[in-house]
Structures are given as structure tokens and as C-alpha cells.
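Trainee: Let me give you the structure first, and then I'll get to my questions.
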Amino acid sequence: MRKVTVAKKILIANEEFANQNRRFLSQRKIPCLNVISSPGSGKTTILAKTITTLKGKVKIGVIEGDIQTDIDLQRIQATGAPAVQINTEGACHLSAAQISAALHKLPVDDLDLIIIENVGNLVCPSALDLGETAKIAVLSVPEGDDKPAKYPAIFSRASVVLINKIDLLGVTNFDIEKVNADILKLNKGVKIYPLSAKTGEGMQPWCNWLEGIAAKRKQ
Amino acid sequence: MHEMTIAQSLLEAISAEVRKQNAKPVSAKISCGAFGGVNNEVLCFAFEAISKDTACEGLKLYIEQKPIQAKCKNCSGVFALDLHKPNCPNCRGEDIELLPDAPLLLEEIEFEEG
């Protein structure tokens, strides 16, 4: 037997596309966020509400990732924001190559911010770099307060965690203090915004953060 | 099941080396970080399925899972982190910083002697 040392990154092809996306975005000074959560956490509702709240202040373009259908695309387009749908046809995550193609379909030069809504899945999307500026994790109250402990990869890599559906706090035994503590244990620099996209409660601090990163890039 | 994506990239990487070495590969060693979310069994199953009828058919995969490393801000010690007990094993300090996760690497390939 003969051993050959290779020492090569396996996801190098994805990484090359991710670096290309990063260059494309930084040349145009557009921040890009990769939103990751379980299915049903309310990503699309948060996005639609965010776009409406920031109308006239921040021009947002959206890349929608779903296994099938353009239901989410239609919900985003109803807000008036430019959006592109990617259907992964079974794959549990978006890849950097898919984002590269989608970026060229958006009117990027007219945008202040691009938001990618990844396929609903708390595990796989966190393993693939898309070339984004930051990852945003969404956790909703009905999912339970044990998720940061059970799925540490995404909560340790996210720059922001949105805790959605706080209007349901009273009818569940979700312990928001425990969630905050578990997330901070994994990720000291993270920002946590509890909100309800349905009632609008807590949306403003999150929208202010977005406005801040969009403005910072333009300077 | 992002293991299928990884298996495809892995097959391409090993196949490139097989063409270079012009020999039959027997096994390959890969390593990955704990946050990479790679399940060993699923990756082996995916690789077996997609390597059928290629030069890599029957190749045995050895996967090393590397623990998450953390650094203590109090004593500067670096240690393998147990997420359920996130303090420094040396000084019990709680102010720790998670170090970047190990990348997914194809470490080495073993070939039959030509």
C-alpha cells in the first residue's frame, strides 16, 4: 500500500463560488445576509414585514431558497421588493453557485441590502458558506427553548438571532432567559432581537440594526 | 443530507488524485470540524452510492471528527470544548472564545502498489 497526502479542502468548489460572491458584493458595497432557521419559524413573514418597515429607507433584494414552489417569492414580490426564487428540488441547503447565478438576476446596483432566505433547515445550511456578510438565525417560540443547545453550529456562527413569535410566550413554557443564556454561552458577540413579525412588536430594533449595516457599507 | 453534496465534492477530489497517481485507491482519510454537521454513516452511505462504477468503487472512508476548540480568556489555555460544560478545564474560567471550526479536509489516500 502507498499513502499519498492530499490535505485539500473538500468543499473547495463551493468555497471558490462563495469567495467570488463576496468579491462581487464588496465591490458594490452591498451587505448580504443569509437567514437560516427551521421550516415554519416565520422567515418569510419577518422578511415581508422588514421590507415594509424599511420602505423608503433601505432598498432590499431577496433570494428565496425552497425545495419546491414559488409561494415565498410571491409573498416577497407582493411587498414590491425585487426577488429571485431558487428551487433546490430536494437539496436541503443553498450552494454558493446557486447564489452566484441569482445575484446576476437581481438589480444589484439599485439595492442597499440583499437577504437570502435559505431552505428551512437548522443543520445543513450552516455548513455551506454562500459568501454572505453575516448569518442570521431565526428561532420561533413554539419550537422550544432547547434549540440553541441542540443545534449549536448555527447559533455559534450567527451574527444575529431573531426570536420570533413572542406573542405566543404566554401560551408556551418557552424560557426566553434560558435561550439568551444558551446563545451567549456559544456566541458572545451575537445580537439577539425578540420580536413578533405578526404583531410588529420588537421589529424596530431589528430594522434599526439593518439600517445601520446598510448605511455603514455605503460610506 | 448535505452529506450528498460533500460526497460529490469528495468523489471529484479523490478522482483527480486517482488520475494523477494512476493507481487503484483503497481508502481515504478525511477530517471535519464538529460544527460541519457531517454524520459519518450518512457520508459513507452517500459516497458508496455515488462512487459505484467509478475508480473509487469499494473505497473505504475513514472520517475523523475534530472537537470544537476554545480559548480561555483568563488563562489563555486552548482546549477541546464540551458544549454542555462550557468552562475552562484548567482554571474553571467561564469567559471563553470559540475558535474557528476545523475545515472539511481530504487528508490522505491509500493506493494499491502499482
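Bear in mind that the values in this text are calculations on the coordinates, not laboratory data. Just so it is clear, the model here is predicted, and its values are computed rather than measured. Note that each Cβ is placed from the backbone with ideal geometry, even for glycine, and that neighbours are counted across all protein chains shown.
Trainee: Separation of segment B:22-43 and segment B:48-102 by C-alpha centroid, Å?
Mentor: What the calculation gives is 15 Å, centre to centre.
Trainee: With θ taken as phi - 60° and the coefficients 6.51, -1.76 and 1.60, list the Karplus ³J(HN,Hα) couplings across segment B:52-69 in order, rounded to whole Hz; mark glycine and proline as x.
Mentor: 4, 6, 10, 5, 8, 4, x, 5, 9, 9, 10, 10, 9, 8, 8, x, 6, 9
Trainee: Which whole number gives the average, over all residues in B:99-107, of C-beta atoms from other chains lying within 10 Å of the residue C-beta?
Mentor: Details: counts 0, 1, 4, 0, 5, 6, 6, 7, 5.
The mean count of partner-chain Cβ atoms within 10 Å per residue comes to 4.
Trainee: If you check each cysteine of chain A for another cysteine whose beta-carbon is under 4.7 Å away, which ones come up empty?
Mentor: Flagged as lacking a Cys partner: A:Cys32, A:Cys207.
Trainee: Ignoring everything except DSSP H segments at least 4 long, calculate the 222 nm mean residue ellipticity for chain B; use -39,500 (n - 2.57) per segment, divide by total residues, nearest 500.
Mentor: It lands at -8500 deg cm²/dmol.
Trainee: Same structure, new question: Go ahead and estimate [θ] at 222 nm for chain A from helices alone: -39,500 (n - 2.57) per DSSP H run with n ≥ 4, summed, over the residue count, rounded to 500.
Mentor: Details: 8 runs with 79 residues, N = 219.
Helices in chain A give a 222 nm mean residue ellipticity of -10500 deg cm²/dmol.
Trainee: Let me ask something else. Regarding chain B, what is the average projected area of its C-alpha convex hull, in nm²?
Mentor: On the way: hull surface 33.8 nm².
Spelled out: convex hull of the Cα atoms, projected over all directions, averaged, 8.4 nm².
Trainee: Using all C-alpha to C-alpha distances in the protein assembly as shown, build P(r) with 20 Å bins and read off the rounded percent in each one.
Mentor: It works out to 29, 54, 17, 0, in whole percents.
Trainee: Here's another thing I want to ask about it. Run the quick spin-label model on B:Lys60 and B:Ala16: label points 7 Å from Cα toward the beta carbon, then report their separation in nm to one decimal.
Mentor: Label at B:Lys60, label at B:Ala16, 2.7 nm between them.
Trainee: Something else about it: Output needed: Cys residues of chain B lacking any neighbouring Cys C-beta below 4.7 Å, sorted by number.
Mentor: B:Cys32, B:Cys44, B:Cys56
Trainee: So what is the relative contact order of chain A, in percent, for Cα pairs below 8 Å that sit 6 or more residues apart? Write out the running numbers ahead of the final one.
Mentor: Working: 399 pairs, mean separation 55.4, N = 219.
Value for chain A: 25 percent.
Trainee: So which of A:Lys191/B:Lys73; A:Lys57/A:Lys188; A:Lys49/A:Lys178; A:Lys3/B:Lys66; A:Lys147/B:Lys29 end up more than 25 Å apart by C-alpha?
Mentor: The answer is A:Lys57/A:Lys188; A:Lys49/A:Lys178; A:Lys147/B:Lys29.
Trainee: Please report the antiparallel percentage of the DSSP beta bridges confined to chain B, to the nearest 5.
Mentor: Numbers: 12 of 19 bridges.
Of the beta bridges lying entirely in chain B, close to 65 percent run antiparallel.
Trainee: Which FRET efficiency value, to the nearest 0.05, do you get for A:Lys57 and A:Asn87 by plugging their Cβ-Cβ distance into 1/(1 + (r/R0)^6) with R0 = 35 Å? Kindly include the intermediate steps, with their values, before the conclusion.
Mentor: On the way: r = 31 Å, r/R0 = 0.89.
That pair, A:Lys57 with A:Asn87, gives E of 0.65.
Trainee: Would you mind getting me the FRET efficiency between B:Cys75 and A:Ala181? Use the beta-carbon distance for r and R0 = 22 Å, nearest 0.05.
Mentor: On the way: r = 23 Å, r/R0 = 1.04.
The computed FRET efficiency comes out at 0.45.
Trainee: Give me a single rounded figure for B:2-13: the average over its residues of other chain Cβ atoms within 10 Å of their Cβ.
Mentor: 5
Trainee: What's the center-to-center distance, using Cα atoms, between segment A:115-190 and segment A:81-111 in Å?
Mentor: Cα centroid of segment A:115-190 versus Cα centroid of segment A:81-111: 23 Å apart.
Trainee: Rounded to the nearest 10 degrees, what's the angle between the helix B:3-21 long axis and the longest principal axis of chain B, both from Cα atoms, 0 to 90?
Mentor: So the inclination is approximately 60 degrees.
Trainee: Going by how many other Cβ atoms sit within 10 Å of their own, how do A:His104, A:His93 line up, fewest first? Mind dumping the intermediate values first?
Mentor: Details: A:His104 9, A:His93 21.
Placing the least packed residue first, the sequence is A:His104, A:His93.
Trainee: Further, regarding this structure: Angle between the Cα long axis of helix B:40-50 and the longest principal axis of chain B, 0 to 90 degrees, nearest 10?
Mentor: The two axes meet at around 20 degrees.
Trainee: Where does each of A:Glu117, B:Glu3 land when they are ranked from fewest to most other beta-carbon atoms within 10 angstrom?
Mentor: Details: A:Glu117 28, B:Glu3 22.
If I rank by nearby Cβ atoms, fewest first, I get B:Glu3, A:Glu117.
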